[in-house]
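Engineer: Just passing along the structure, written as structure tokens.
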Amino acid sequence: MKKYIYLFAVSGLFALGSCSDDFLENEPYTELVTENFYSTPKDAFQGLVAVYDILQREGYGNTLLTSEIASDNCFGGYGIADGQGDLEWDRFLFVTDKDMNATAWKTGYQGIYRANILLENLNKVNWGTDTALKTKYEAEARFLRAHFHFQLARMFGDIVALDHTLKTAEYYSPRSSAEETYKLIASDLKFAADNLGTENYSQTGNANYGRITKWAAEAYIARAFLFYTGYYKKADLAGVVSKAQAVTYINDAVNNSGHGLVADYAKLWLAASFGQFAGEDNTEMVFAVRFNGSGKGDWNLHEGNRFQVLIAPRGGNIGPYGTGWGGATVNKKLVDAYGTGDTRKAASFIDFAGEGLSFDPVAREQRQYTGYAWKKYCPVTNEHGTGNFQIDNVQDYAVIRFADVLLMAAELNLDTNLAFAQTCLDRVRDRAYKDTTHRVQATKANIMEERRLELALEGLRYFDLLRQGVDVAKAAIDNTGAGTTFNVTFRTETLGWFPLPQSQILLSNGAMTQNPGW
């Protein structure tokens, strides 16, 4: 029986980001304007900026924080008087807010819609002799369309795969099979990897920093391949990318991208770098979402980083760390997993007692206090300058770091090039310990544990568990013995998927059913 979903989030949501006031004043937003707008390469660029603009919607209710809370890395946290939604993400409940995942749903389909609008209008642009520019814009837009589809598919399982904007008659569209969705994702990523040039934008002061590159597309192919083949137990990526091709792509990113590891792990994170921050345009950033403080307190804009305040220490500045809402408190089990001498531990987490910080959880009304908070992405005092500390933080979000590329290469090369897999793993371990004496054998188990430590609090852990199987996820996530405040039970009947927003089910007049277990 087909499942149906009403896509209210994608109708009427297109608005050009970073457009000129002149454009806004000359023509109102209508479907006719969308049809008439695209005539010059400048128009196409503005449309592309509009697609990129959706990336900055990462904040409360979106994939990064939601998945970290659901994983074994974090609890719900926030304040004792705050809503229960964060506890329910943590405990796999679905009681107080039946639309708890509506933001992630809406954000994903906004991005897909804007990408499709641009792609459908590229042929209307007068490119002159610069057809290579058209191909570049198409490649970037298709990468972004794949990214938004992938974000949705990892959270919700079967979604609606859209390679075009919906017509009115298609508003009640069937949920696509996983194979169909990932076929579109793989095709888009492959087009991007095969058609983008060899530029590397992670150079100091590069004006294109943050734009999609060939290397980001190759790395993303590996990420999608590993999740799809792992979770769905398939041999290839939806018939589009074989294992051998995935290996070729990721090895190319390792060997030829020009990306590398920043020598000191702590320098990747503003709050951990003690004035020696490597900068956001450092060589390790393969794909990052850029933020800045230009919003200047305007809640209608999304220029600043809005998730940083959510995980910052609750109740006021403390030491060098800026204030926030105390969300996603860090599980002590994660902190204890780091070996002696691993520099990533101190760089990743605020240890209130260990750093001599007088944090009174009762006075600060901190819920689920563990003694640890995020240092990665934590704002530092006055980082937002003259903006609003809630919405104008500026640190970029690293979607793909070169360390992740190395670990994916290690995993994908295990069966065919063990020596290369070992070298990739060694590079990550050597950086973490600043020596060569802490190396471990390149095995699947060791690589997955290394991903846990290297990429903690970067929005990957939950999905890394899930692709190993719901039984593996349950063994890691279940938490007992620390009092009822911290009890967590992963429910395998959900198959690891998050509940769909109830509003979608209601709008479908019953044609759509909820994900299993919810």
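Engineer: Can you tell which of Phe291, Gly85, Thr248 lies farthest toward the positive end of the dipole of the chain, using +1 and -1 charges on the Cβ of basic and acidic side chains (Lys, Arg; Asp, Glu)?
Structural biologist: Ranked along the dipole, the leading option is Thr248.
Engineer: If you place +1 on the Cβ of every Lys and Arg, -1 on the Cβ of every Asp and Glu, and leave all else neutral, what size is the dipole of segment 219-283 about its Cα centre, to the nearest 20 Debye?
Structural biologist: Dipole about the Cα centre, nearest 20: 360 debye.
Engineer: Let me know the shape class of segment 275-376, please: from the alpha-carbon gyration tensor, a ≥ b ≥ c as square roots of the eigenvalues, rounded when a/c is under 1.5, otherwise prolate if a/b is greater than b/c, or oblate.
Structural biologist: oblate
Engineer: Kirkwood hydrodynamic radius of segment 357-478 from all distinct Cα pairs, in Å?
Structural biologist: For segment 357-478, the Kirkwood estimate is 17.2 Å.
Engineer: Here's something else I'd like to know. For segment 105-253, report the accessible area per residue in Å² (1.4 Å probe, heavy atoms, rounded to an integer).
Structural biologist: 35
Engineer: Considering only protein heavy atoms and a 1.4 Å probe, what is the carbon-and-sulfur percentage of the accessible area of the chain?
Structural biologist: Ligands and nucleic acids excluded, carbon and sulfur reach 52 percent.
Engineer: Follow-up. Evaluate the charge dipole of the chain about its Cα centre and quote only its size in Debye, nearest 20, assuming +1 on the Cβ of each Lys and Arg and -1 on the Cβ of each Asp and Glu.
Structural biologist: 1000
Engineer: While we're looking at this one, here's another question. Are there any helices in the chain, counted as whole DSSP H runs, that stretch 24 Å or more along their axis by Cα and score at least 0.0 on average by Kyte-Doolittle, and if so which?
Structural biologist: 214-232
Engineer: Roughly how many nanometres apart are two label points built 7 Å out from the Cα toward the Cβ at Lys233 and Leu357?
Structural biologist: My value for the distance between the label points is 4.5 nm.
Engineer: Right, here's the next one. So how do Leu119, Leu162 rank on accessible area, 1.4 Å probe, biggest first, that is with the largest at the start?
Structural biologist: Leu119, Leu162
Engineer: Find, among the chymotrypsin sites (Phe, Trp or Tyr not before Pro) in segment 393-434, those assigned to loop by DSSP (not H, G, I, E, B) with at most 14 other beta-carbon atoms within 10 angstrom.
Structural biologist: none
Engineer: Would you compute, from DSSP H runs of 4+ residues alone, the mean residue ellipticity of the chain at 222 nm, taking -39500 (n - 2.57) per run and dividing by the full residue count, rounded to the nearest 500?
Structural biologist: The helix-only estimate for the chain comes to -12500 deg cm²/dmol at 222 nm.
Engineer: Shifting gears a bit: Answer with one residue from Ala278, Gln441, Met512: the one whose Cα lies farthest towards the positive end of the charge dipole of the chain, charges on Cβ with Lys, Arg +1 and Asp, Glu -1.
Structural biologist: Towards the positive end, the residue furthest out is Gln441.
Engineer: Within segment 242-336, list the chymotrypsin sites (Phe, Trp or Tyr not before Pro) lying in a DSSP loop whose Cβ has at most 11 other Cβ atoms in a 10 Å radius.
Structural biologist: In loop regions of segment 242-336 (DSSP not H, G, I, E or B), the sparsely surrounded chymotrypsin sites (Phe, Trp or Tyr not before Pro) are Phe274, Trp299.
Engineer: Take each of the peptides 49-59, 351-361, average the number of other beta-carbon atoms within 10 Å over its residues, and list them starting from the highest.
Structural biologist: Listed from highest to lowest mean packing, they are 49-59, 351-361.
Engineer: Need the full-extension length gain, Ala482 to Leu301, defined as separation in residues times 0.36 nm minus the C-alpha distance. One decimal, nm.
Structural biologist: Extending this stretch completely gives an extra 61.0 nm.
Engineer: Additional query: Report the accessible area of Lys214, computed with a 1.4 Å probe over the heavy atoms of all protein chains in place, in Å² rounded to the nearest 10.
Structural biologist: Only protein atoms counted, so the area is about 40 Å².
Engineer: What is segment 326-404 by shape, rounded, prolate or oblate, if you read a ≥ b ≥ c off the alpha carbon gyration tensor as root eigenvalues and call it rounded for a/c under 1.5, prolate for a/b larger than b/c, and oblate otherwise?
Structural biologist: Because a/c hits 1.5 or more and a/b fails to exceed b/c, segment 326-404 counts as oblate.
Engineer: Once you order the gyration tensor axes a ≥ b ≥ c over the Cα atoms, which shape class does segment 361-423 get: rounded for a/c under 1.5, otherwise prolate or oblate by comparing a/b with b/c?
Structural biologist: Here segment 361-423 falls in the oblate category.
Engineer: If the chain between Thr489 and Asn417 were fully stretched, how many nm would it gain, using 0.36 nm times the residue separation less the Cα-Cα distance?
Structural biologist: Fully extending the segment from Thr489 to Asn417 adds 22.1 nm.
Engineer: Filter the GluC sites (Glu not before Pro) in segment 440-518 to those in DSSP coil with at most 16 other Cβ atoms within 10 Å of their Cβ, and list the result.
Structural biologist: Answer in residue order: no site qualifies.
Engineer: In debye, nearest 20: dipole of segment 43-197 around its Cα centre with unit charges on the Cβ of K, R (+) and D, E (-)?
Structural biologist: Charge dipole, segment 43-197, about its Cα centre: 440 debye, nearest 20.
Engineer: Further question: Number of Lys-Lys pairs in segment 313-377 under 13 Å by Cα, sequence gap 8 or more or different chains?
Structural biologist: 4
Engineer: Extending each Cα 7 Å along its Cβ direction at Gln84 and His438, get the distance between those two points in nm, one decimal.
Structural biologist: According to this spin-label approximation, the distance is 4.2 nm.
Engineer: Right, next: When the convex hull of the Cα atoms of the chain is projected onto a plane and the area is averaged over all directions, what value comes out in nm²?
Structural biologist: Result: 23.9 nm².
Engineer: How big is the convex hull of the Cα atoms of segment 259-325, per residue, in Å³?
Structural biologist: Each residue corresponds to 107 Å³ of Cα convex hull volume.
Engineer: With the alpha-carbon atoms as the only input, what is the per residue convex hull volume for segment 118-233 in Å³?
Structural biologist: 123
Engineer: Let me ask something additional. Under a point spin-label approximation (7 Å from Cα along Cα-to-Cβ), what is the Ser177-Ala337 distance to one decimal in nm?
Structural biologist: Here the answer is 3.4 nm between the modelled labels.
Engineer: Also: Need the C-alpha centroid separation for segment 194-237 versus segment 95-139, integer Å.
Structural biologist: Their Cα centres are 17 Å away from one another.
Engineer: Here is a follow-up. Enter the Cα centre distance for the pair segment 267-297 and segment 32-90, rounded to the nearest angstrom.
Structural biologist: 19
Engineer: Separate question: Between Lys243 and Gln514, 0.36 nm times their residue separation minus their Cα-Cα distance comes to what?
Structural biologist: Extra length available between Lys243 and Gln514 comes to 94.3 nm.
Engineer: How high is the relative contact order of the chain, in percent, with contacts defined as C-alpha pairs under 8 Å that are six or more residues apart?
Structural biologist: Once divided by the residue count of the chain, the mean separation gives 20 percent.
Engineer: To the nearest 10 square angstrom, what accessible area does Phe92 show with a 1.4 Å probe?
Structural biologist: Using a 1.4 Å probe on the heavy atoms, I get roughly 10 Å².
Engineer: OK, next. Please give the FRET efficiency for Ala207 paired with Thr381, using the beta carbon to beta carbon distance and R0 = 35 Å, rounded to the nearest 0.05.
Structural biologist: 0.75
Engineer: Counting heavy atoms of the protein chains only and a 1.4 Å probe, report the per residue accessible area for segment 442-518 as a whole number of Å².
Structural biologist: I get 36 Å² per residue for segment 442-518.
Engineer: Can I ask one more? How big is Rg to Rh over segment 51-108, alpha-carbon atoms, Rh as the Kirkwood inverse-mean-distance radius?
Structural biologist: On the Cα set of segment 51-108, Rg over Rh gives 0.99.
Engineer: Along the charge dipole of segment 160-219, Cβ charges K/R +1 and D/E -1, which of Val160, Ala178, Gly210 sits furthest on the positive end?
Structural biologist: Farthest along the dipole direction, towards plus: Gly210.
Engineer: Sticking with this one: Note down the relative contact order for segment 123-178 as a percent, whole number, built from C-alpha pairs under 8 angstrom at least six residues apart.
Structural biologist: Answer for segment 123-178 is 27 percent.
Engineer: Run down the lysines and flag those whose C-alpha is under 19 Å from the C-alpha of Lys124, throwing out any fewer than 8 positions away in its chain.
Structural biologist: By straight Cα distance, Lys124 reaches Lys42, Lys134, Lys136.
The values are calculated or read from the model by the stated rules, or taken from the named source; none is laboratory data. Just so we're clear, the structure is a prediction, and the values are computed from it rather than from any experiment. In this analysis, Cβ positions are derived from the backbone assuming ideal geometry, glycine residues included, and neighbour counts consider all displayed protein chains. Accessible surface areas use protein heavy atoms only, side chains included; no ligands, DNA or RNA. Shrake-Rupley method; radii C 1.70, N 1.55, O 1.52, S 1.80 Å.
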